[in-house]
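A.B. asks: First the structure, which I've put down as structure tokens, then a few questions once you've had a look.
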Amino acid sequence: MKKFLFAIAFVIIGLALISLGIKAQSGGPNLQTQMSATSATTGAGLAASGIGYHQIQWTLTGPAPTACTITVDSSPDNSTWTTGGIISAQTCTTGGISSKVSVVANYIRINLSTFTSNGQIFISYNGWNSTSTSLVNGAGSNPLGASLNVKAFPYSAVGNTQQVINVSTIAAGSSGCPAGAFNGLCFDIPSAANAPFLSTDVGLTFYANYNGGSMLLPATIASVSAGTGAHTGEQMIATASPVTNTGGCGGVCTVAWGTDDTIAIQKAFGSAVTLGKGNNSTANCFSTDISNWSGQCPRVYFPPGGYMTSGGGTTTSGGPGRPGAQGDGTVGISIVGSGMNATAFFLRPDYSIGALATNLGFFINNPYDIVGDFQITSSGFTFSFVNNPPTLFNAPQTTVYRVRLTDIGNSSGAGLLSIGGGHDTVENIISEDPSVANGSPLCDFNGGLIDVYSLFCSNNNSATVPNLQIRNYTGGTSGSRLTIHGGFIDECGANSSNFCTTVTASKDIGFFGTVLTSGATGSTSLSVDGTSEVRCSGCTLAPFSTGAGSGVTVASGGRFSATMTKFIANGVGNFIWNCATITACIDDGGNIYTLNNSATLYAAGTSPVLFPLATNATTQLGGQQVVSGTAPTFAVTGFGGAPTVTVQTGSTDAVGAVTVTAGTTPSSSGTFTLTFSRNLGTNAPVCTFNLVNGTGSWNALAQEPVVQTPAIGSVLANWADNSVALINGSTYGFNWECYGK
């Protein structure tokens, strides 16, 4: 433990030194310079006396260049230059990093001799007095991999985006809104926001969302003014000409503003990919094949702040602001913020997936990636990520932790957060409060072998899609299964036919200590389709708060088993169990049932639950046995005209009693039929019947009832009173015990 704590302290101190710009003789570069360009150019000469080791790294944005060459030149006097005297010609049509070379020169310069592209290149040079640790762009080559701070040079993300809710609009020329404000209005920032806008915010990107619709696509802030009159204490924000403006806010706008960090994010991820490959363009930072392992797994670190991004990109680069695309050729890159309430990604309303033909969303991971400690929001805007969700973690050996999605929507039907992969670990994930127009599940688990801890999916406003969607787990020996430990699946859409959690085409799904709620207006907590099997232990299935709701619906062919689980149903027409067949719902014991406001244990017409035992199991009964269940019906002949038949309270198909009051002119023999409340087993049952005296007495030599026609639905038997007629108006009884088989 002491060694572990010392290691943590060492890493923290090391990162602090890097962030403060302290360049230790044993590690940090002693000379640095950077250059960005859109065409061939030559950098300024730098004095390099004492520098004996050199290295460059480069990243690209936009279209890949058809031709690109970089050298680092040398000079004795900063006048006469030798091309490639330090680092010979490097082809830079893709991002890369040079080998570290040992050369001594008085002066060095970066020389981008060829660059044929409509894009941009970013070049970073580092020089050292010693060879101890190669730091590229502030990234240390160490066993834990590089740490790339997106706010550090050369990425220089600002991370200043923030948002305010409950914003209204006000007419230009009134209450402090300038008379010449664009479109004749200002955005009225409420006093409760404590004047978040500064005069220095003029020129920053600004956009507004009116109740889920695009009220104002990104523009720039033209002025920040103080409210006057009745609006004293408020702020008036005027913008330059926006792309779209559909009118006022009505007091329910969400506005966001800040610096667009798209390019900075892309540069950082480009560096991470390059560092992860090391000097081998085909290597990964981690691989089960050690021959294809660079040994450097970079971490892209996002300090506290809000990072605005407009997306874009290609299938290989991950794109500006769209980190971690599958297919970038590097695995094991970490994407780490400072906490889900400290680091936030703001997707602009014009967020684009760029050139990605498969319509991928925001985060797409690779095997062995570690992702966590941030949130993603779009300030209420809805996107259409057709084939995949805004966040997809769908690769093996992935760790995802402390990620929050909020106020974002997807209209395509793919989940907002989708996870599927082999041996993945997911913990403390929140997906909640989507945009008004969202049409997707909040959490979507799609195949793989996954353990989930403390999942929270809440408040999907759609009346047709769930909070939690589980699908395509084959189970058994395939190793494909999903286990959810704890967590809370909160209320969902206002539709009585909706399910807050759905399981389809899946085996080996386990909930342990999970709370699964229904919506506030009559939906059902859980649906299991006819091809799925689900286990629930120590769970709670209940309506949200005091709302009406039901427990679980299981289709024919499906199976749901529960033990030590608390079930609550509330309201007329709502239920605990809705089981299509006798084998669909399994009560494994220890469950608690609470029925409020006329809710029922079973939905109308449903099969009851099954309490199964293994074949040939030996059981031990206690000192008393008490039955409980639905009463059968009982019919008689031979009791005269209009007899009265009363099945006694507490009777069930298994054990019961009936009292019959003889009618006019009763006989000395007849029949009775016991009709079960449902089929008893799959083969003819075994039943025994006894005669019971009432106000009338059976003859001392009366014959015990004889079963004539046993069937799974009913049993027909004869009775005979030794040729002595029953007495009109007197009562007589029968008891029964029946076992299905």
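The values are calculated or read from the model by the stated rules, or taken from the named source; none is laboratory data. Only a predicted model underlies this, so the values are computations on that prediction, with no experimental measurement involved. Glycine also receives a Cβ, built like all others from the backbone with ideal geometry; neighbour counts cover every protein chain displayed.
A.B. asks: For Ser454, which of the numbered conditions (1) at pLDDT 85 or above; (2) over 16 Å from Leu417 (Cβ atoms); (3) of a type in the set (S, T, N, Q) fails to hold?
C.D. replies: Failing condition for Ser454: (2).
A.B. asks: A follow-up question, please. Go through the residues of the stretch 382-391 one by one and say whether even a single one is aliphatic (A, V, I, L, M) and either buried (at least 22 other Cβ atoms within 10 Å of the Cβ) or at pLDDT 75 or above (or both).
C.D. replies: Quick first cut of the stretch 382-391, residues aliphatic (A, V, I, L, M) only: 386.
So of that shortlist, the ones also either buried (at least 22 other Cβ atoms within 10 Å of the Cβ) or at pLDDT 75 or above (or both) come out as none.
No.
A.B. asks: Suppose we filter the stretch 509-530 for residues that are surrounded by fewer than 22 Cβ atoms within 10 Å (Cβ to Cβ), at pLDDT 95 or above and farther than 12 Å from Arg471 by Cβ; how many remain?
C.D. replies: Here the count works out to 5.
A.B. asks: Can you pull out the strands (runs of 3 or more DSSP E) entirely within the stretch 475-588 that have at least 1 residues that are among the polar types (S, T, N, Q)?
C.D. replies: Working: elements: 481-485, 499-506, 509-512, 515-518, 521-528, 533-537, 540-543, 548-554, 559-563, 566-570, 575-579, 585-587.
Output list reads 481-485, 499-506, 515-518, 521-528, 533-537, 540-543, 548-554, 559-563, 566-570, 575-579.
A.B. asks: So which residues in the stretch 65-96 are of a type in the set (Asp, Glu) and touching a helix residue (DSSP H, G or I) at 6+ places or on another chain (Cβ under 6 Å), if there are any at all? Steps first, please.
C.D. replies: Within the stretch 65-96, the subset of a type in the set (Asp, Glu) is 73, 77.
Matches in the stretch 65-96: none.
A.B. asks: Of the residues that make up the stretch 726-734, is at least one among the small types (Gly, Ala, Ser), within 23 Å of Thr644 (Cβ to Cβ) and part of a strand (DSSP E or B)? So that I can check it myself, show each step before the final result.
C.D. replies: First pass over the stretch 726-734, keeping only residues among the small types (Gly, Ala, Ser): 729-730, 733.
Add one more test, that the residue is within 23 Å of Thr644 (Cβ to Cβ), and what stays is 729-730, 733.
Applying the additional criterion that residues be part of a strand (DSSP E or B) yields 733.
Looking through the stretch 726-734, at least one residue is among the small types (Gly, Ala, Ser), within 23 Å of Thr644 (Cβ to Cβ) and part of a strand (DSSP E or B).
For every residue, the table says whether it meets (1) more than 20 Å from Asn428 (Cα to Cα); (2) among the polar types (S, T, N, Q).
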site: Gln469; (1), (2): no, yes
site: Tyr473; (1), (2): yes, no
site: Thr502; (1), (2): yes, yes
site: Gly519; (1), (2): yes, no
site: Asp529; (1), (2): yes, no
site: Ala548; (1), (2): yes, no
site: Thr553; (1), (2): yes, yes
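A.B. asks: What are the residues in the stretch 591-628 that are exposed (fewer than 12 other Cβ atoms within 10 Å of the Cβ) and within 13 Å of Phe567 (Cβ to Cβ), if any?
C.D. replies: If the condition is that a residue be exposed (fewer than 12 other Cβ atoms within 10 Å of the Cβ) and within 13 Å of Phe567 (Cβ to Cβ), then Ile592 is the only one that fits.
A.B. asks: When residues of the stretch 165-194 are filtered for being in a loop (DSSP other than H, G, I, E, B) and touching a Pro at 6+ places or on another chain (Cβ under 9 Å), how many remain?
C.D. replies: Adding up the residues that qualify gives 1.
A.B. asks: For the condition part of a strand (DSSP E or B) and free of Cβ contacts under 8 Å to residues at least 12 places away in the same chain, what is the one hit in Thr709, Thr688? Break it down into steps so the answer makes sense when it comes.
C.D. replies: On the way: Thr688 fails: free of Cβ contacts under 8 Å to residues at least 12 places away in the same chain.
Only one candidate qualifies: Thr709.
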